[in-house]
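Visitor: What follows is a single structure, and I will ask about it in a moment.
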Amino acid sequence: MPIINSLAEYADDIAHWRRDLHRNPELLYDLERTAGIVAEKLREFGCDEVVEGIGRTGVVGVVKGREEGETVIGLRADMDALPIQEETGKPWASEVPGRMHACGHDGHTAMLLGAARYLAQTRNFAGRAVLIFQPAEEGGAGARAMIEDGLMERFGIVEVYGMHNMPGLPVGQFGIRSGPLMAAADHFSIQIEGKGGHAAKPHQGVDPVLVGTEIVGALQSIVARNVDPLKNAVVSVTTFHAGDAFNVTPQRATLTGTVRTLEPGIRDLVERRMSEMIPAIGAAFGATARFTYKRNYPVTVNHAEQTEKAIEVARSVVGEKAVLTDNPPMMGGEDFSFMLEARPGAFIFVGNGDSAGLHHPAYDFNDSAIPYGASYWASLVERLMPA
Ligand SMILES: [Zn+2]
Ligand SMILES: [Zn+2]
């Protein structure tokens, strides 16, 4: 069973919806137009249930198969755009200055709508498909908001699946792996309080710039000397602010950065080592260094059994060779991780071809990926819940 024919026939419609969403990007939870269109279409397609306002602006559509079944599968798309000025020059470019769909969530939403239409028409399965359209993937933890609003229990979801387009992966291919696929994405800040004064009299002050550079250097030793060489972590100091004048030792310095890890144990280790090192280095220089660490999205961990099912379904759409089953993990974060903590499931990449990278002003979702992504969704429902 390759691409589902009727979905290939819908591809123009789906691309049309996608481009309309692309012209009108909305951010985080402020998805009035986008969520409104999604709910309207789900009703128009004849979904058995359409619920709005889950996790603030999330939308859920339920399609029952033609036979009753035990299984309930959740399929998730994200709907939000990014605060980036678009530079694609495409006819369907964003009409809102400073905002664009630079992560392809317009494509994700449109593909899941396409699958919803097909499933509501054909109903060739036994059980229920729950179509999840979530807000605020880009830093707002919309997946968690929907879960906290009772998403899993309310619709009886047993397994949950997610998909993201991937630049660099050829169109018509899928990439996936069992276990950690995307990183935990945390951020930290460091406040160094020194003693300011005349730059010509350093001995009378405590220089927070020097303390900051010692901390930046020491933090590199966590990956080099504390993390097992066969495991992964990123510790990056990305901002360093201190001082306003060349002849003044500043009073304080502020540093911020990000930590990316692929395993809970490594995440704990990095946070612990940072909390041990930073105040101690400050004290060693006579300064005070305060450290705050904020855990953001957890690691996106694919469950083994559901990954196998996802691979089998993806192979049914594009053939055996077009499914990369050991896609290397990526250090980007993804809030589908919260859904995979709540239920077993798997997250898969669908090839976006040779496009600009995600979050780049020249990025655009590749409409030629639509038949593959939408067929994957529909096949997942039909093959995992056969009638
Ligand atoms: Zn993104
Ligand atoms: Zn994204």
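Visitor: Could you check, for the range 88-102, whether at least one of its residues is part of a strand (DSSP E or B), surrounded by 21 or more Cβ atoms within 10 Å (Cβ to Cβ) and within 22 Å of the chain's Cα centre (by Cα)?
Guide: Yes, the range 88-102 has at least one match.
Visitor: Would you call Arg290 part of a strand (DSSP E or B), away from ligand 1 (no atom under 16 Å from the Cβ) and at pLDDT 95 or above? Working first, answer last.
Guide: Values: part of a strand (DSSP E or B): yes; away from ligand 1 (no atom under 16 Å from the Cβ): yes; at pLDDT 95 or above: yes.
So Arg290 passes the test.
Visitor: Ile281 is checked against (1) open to solvent by less than 40 Å² (accessible area, probe 1.4 Å); (2) of a type in the set (Val, Ile, Thr); (3) not assigned by TED's automatic domain parsing to the domain that holds Cys103; (4) not in a helix (DSSP H, G or I) and fails just one. What number does that condition carry?
Guide: (4)
Visitor: Cβ-Cβ under 7 Å, sequence separation 6+ or interchain: first residue in the range 357-369 and under 14 Å from Val171 (Cα atoms), partner part of a loop (DSSP other than H, G, I, E, B) and away from ligand 1 (no atom under 13 Å from the Cβ). Which pairs?
Guide: That search, which allows pairs on different chains as well, returns Asp364/Thr88; Asp364/Lys90; Asp364/Ser355; Asn366/Val171; Asn366/Gly353; Asn366/Ser355; Ser368/Val171; Ala369/Val171.
Visitor: Which of the following residues is in contact (Cβ under 8 Å) with a residue 24 or more places away in the chain and within 20 Å of Met111 (Cα to Cα): Ala378, Ala387? Give the steps one after another, and end with the answer.
Guide: Working: Ala387 fails: within 20 Å of Met111 (Cα to Cα).
Going through Ala378, Ala387 in turn, the sole match is Ala378.
Visitor: Does any residue in the range 104-125 that is at pLDDT below 95 come within less than 7 Å, Cβ to Cβ, of a residue that is open to solvent by less than 10 Å² (accessible area, probe 1.4 Å) six or more places away or on a different chain, and which pairs are these?
Guide: Qualifying pairs under 7 Å: none.
Visitor: All but one of (1) of a type in the set (A, V, I, L, M); (2) open to solvent by 30 Å² or more (accessible area, probe 1.4 Å); (3) over 20 Å from the mean Cα position of the chain (by Cα) hold for Met274; state the number of the condition that does not hold.
Guide: Of (1) of a type in the set (A, V, I, L, M); (2) open to solvent by 30 Å² or more (accessible area, probe 1.4 Å); (3) over 20 Å from the mean Cα position of the chain (by Cα), only one is false for Met274: (2).
Visitor: Give me the pairs: first residue in the range 220-239 and of a type outside the set (Phe, Trp, Tyr), second residue assigned to a helix (DSSP H, G or I) and open to solvent by 50 Å² or more (accessible area, probe 1.4 Å), beta-carbon distance under 8 Å, and six or more apart or on different chains, which are they?
Guide: Taking only residues 6 or more apart or on different chains, the pairs are Ile222/Arg273; Asn226/Arg273; Ala233/Val223; Val234/Val223; Val235/Gln220; Val235/Val223.
Visitor: Given the structure, is Gly107 within 14 Å of ligand 1 (Cβ to nearest atom) and surrounded by fewer than 21 Cβ atoms within 10 Å (Cβ to Cβ)?
Guide: For Gly107, the condition - within 14 Å of ligand 1 (Cβ to nearest atom) and surrounded by fewer than 21 Cβ atoms within 10 Å (Cβ to Cβ) - is not met.
Visitor: What do you reckon, is Arg43 touching a strand residue (DSSP E or B) at 6+ places or on another chain (Cβ under 6 Å), among the basic types (Lys, Arg) and farther than 23 Å from Asn366 by Cβ?
Guide: yes
Visitor: Among the numbered criteria (1) at pLDDT 95 or above; (2) within 30 Å of Arg23 (Cα to Cα), which one does Met330 miss?
Guide: That leaves (1) as the condition not met.
Visitor: Additional query: Please work out if Phe365 is under 23 Å from Glu312 (Cβ atoms) and not in a helix (DSSP H, G or I).
Guide: Details: under 23 Å from Glu312 (Cβ atoms): no; not in a helix (DSSP H, G or I): yes.
Judged against the criteria, Phe365 is not a match.
Visitor: Which number in (1) assigned to a helix (DSSP H, G or I); (2) more than 16 Å from ligand 1 (Cβ to nearest atom); (3) in contact with a Ser or Thr (Cβ under 8 Å, 6 or more places away or on another chain) marks the one condition that Ala145 misses?
Guide: Only one criterion is unmet by Ala145, namely (3).
Visitor: If you check Asn366, Asn296, which single one turns out to be in contact with a strand residue (DSSP E or B) (Cβ under 8 Å, 6 or more places away or on another chain) and either crowded, with 24+ Cβ neighbours inside 10 Å or at pLDDT 95 or above (or both)?
Guide: Answer to the selection: Asn366.
Visitor: Could you list, in sequence order, the residues of the range 187-202 that are surrounded by 19 or more Cβ atoms within 10 Å (Cβ to Cβ) and either part of a loop (DSSP other than H, G, I, E, B) or modelled with pLDDT under 95 (or both)?
Guide: Quick first cut of the range 187-202, residues surrounded by 19 or more Cβ atoms within 10 Å (Cβ to Cβ) only: 188, 190, 192, 194.
Across the range 187-202, the qualifying residue is only Gly194.
Visitor: Suppose the filter is among the charged types (D, E, K, R) and open to solvent by 50 Å² or more (accessible area, probe 1.4 Å); does Arg267 pass it?
Guide: Considered against the rule, which asks whether it is among the charged types (D, E, K, R) and open to solvent by 50 Å² or more (accessible area, probe 1.4 Å), Arg267 comes out as no.
Visitor: Same structure again: In the range 154-170, what residues are hydrophobic (A, V, I, L, M, F, W, C), in a loop (DSSP other than H, G, I, E, B) and under 20 Å from the mean Cα position of the chain (by Cα)?
Guide: Once the filter is applied, which keeps residues that are hydrophobic (A, V, I, L, M, F, W, C), in a loop (DSSP other than H, G, I, E, B) and under 20 Å from the mean Cα position of the chain (by Cα), the range 154-170 yields only Leu169.
Visitor: Under 8 Å between Cβ atoms, at least 6 apart or on separate chains: pull out the pairs that start in the range 53-77 with a residue that is of a type in the set (Ser, Thr, Tyr) and end on any residue that is part of a strand (DSSP E or B).
Guide: Thr71/Ala126; Thr71/Gly127; Thr71/Arg128; Thr71/Glu159
The values are calculated or read from the model by the stated rules, or taken from the named source; none is laboratory data. All of these numbers come straight from a predicted model, not from anything done at the bench. Using ideal geometry, Cβ is built from the backbone for each residue, glycine included, and neighbour counts are taken over all protein chains shown. With ligands, DNA and RNA removed, areas are computed over all heavy atoms of the protein, side chains included. Shrake-Rupley method; radii C 1.70, N 1.55, O 1.52, S 1.80 Å.
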